[in-house]
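Okay, structure first, notes after.
The values are calculated or read from the model by the stated rules, or taken from the named source; none is laboratory data. Everything numeric here is computed off the predicted structure, so don't read it as measured data. Cβ coordinates were reconstructed from backbone atoms using ideal geometry, including for glycine residues, and neighbour counts include every protein chain displayed. When the accessible area is computed, the model is the full protein with side chains, heavy atoms only, and any ligands, DNA or RNA have been set aside. Shrake-Rupley method; radii C 1.70, N 1.55, O 1.52, S 1.80 Å.
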Amino acid sequence: MSSVFETQKTIREILLKILENHSLEQLNKIPQGFNNNIIWNVAHCVAAQQTLVYKLSGLPTMVSEEFINKYRKGTKPEGDVSQAEVDEVKAFLISTLEKTKNDFASGLFVDYHEYTTSMGFTLSNVQDALDFNNYHEGIHTGIAMTLRKLV
């Protein structure tokens, strides 16, 4: 089981490095032909993980409902984010991973509301959610890596 968390840790480290190596202006820039930016993709990963793993397990999230609504599927940047918001996203990349790992190890995830993603994956339990989440974060990491070449 630890491999799913090792994979997510690697993904999150890549995302953290991208955030640390770009200016606030670069993180907020939406290149021509795109409808989002680097910071939206990274924050979206946090919001999606909290939804897929915690909300669908009937558990409280570590991030606010406002954060989830701002970065959920189907949203796009509504304006530039501040450095404080970037710092919050950076902290969430680490804290949500650590808490999820601990909560999983302690057996917190008991119930799960089955969910079929827009890509057609059916998630029946928290293990499915964790596996799919890594795939999902991998996609958005690729998008962020593409965007960084355009900003």
Exercise for the section: Name every residue in the range 39-87 that is polar (S, T, N, Q) and either more than 26 Å from residue 127 (Cα to Cα) or not in a helix (DSSP H, G or I) (or both), in order of residue number. Expected result: 61, 64, 75, 82, 83
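With the requirement that a residue be in a loop (DSSP other than H, G, I, E, B) and crowded, with 17+ Cβ neighbours inside 10 Å, what does the range 93-151 give you?
109, 112
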Exercise for the section: Would you be able to say whether some residue in the range 39-59 is within 12 Å of the chain's Cα centre (by Cα), without any contact (Cβ under 8 Å) to a residue 60 or more places away in the chain and open to solvent by 10 Å² or more (accessible area, probe 1.4 Å)? Expected result: yes
Handout entry: Scan of the range 21-37 for residues that are open to solvent by 30 Å² or more (accessible area, probe 1.4 Å) and either under 13 Å from residue 145 (Cα atoms) or not in a helix (DSSP H, G or I) (or both), ordered by number
Key = 21, 22, 23, 26, 29, 30, 32, 33, 34, 35
Handout entry: Single match in 18, 11 (criterion: β-branched (Val, Ile, Thr) and open to solvent by 10 Å² or more (accessible area, probe 1.4 Å))
Key = 11
Fill in the blank from the handout: Given the conditions (1) of a type in the set (D, E, K, R); (2) within 23 Å of residue 146 (Cβ to Cβ); (3) touching a helix residue (DSSP H, G or I) at 6+ places or on another chain (Cβ under 8 Å), every one holds for residue 101 apart from (2)
Exercise for the section: Given the conditions (1) in contact with a Leu (Cβ under 9 Å, 6 or more places away or on another chain); (2) open to solvent by 50 Å² or more (accessible area, probe 1.4 Å); (3) charged (D, E, K, R), report the number of the one that residue 85 does not fulfil. Expected result: (1)
Fill in the blank from the handout: Subset of the range 105-131, residues touching a helix residue (DSSP H, G or I) at 6+ places or on another chain (Cβ under 7 Å) and touching a residue at least 24 places away in the same chain (Cβ under 8 Å), comes to 109, 111, 112, 113, 115, 123, 126, 129, 130, 131
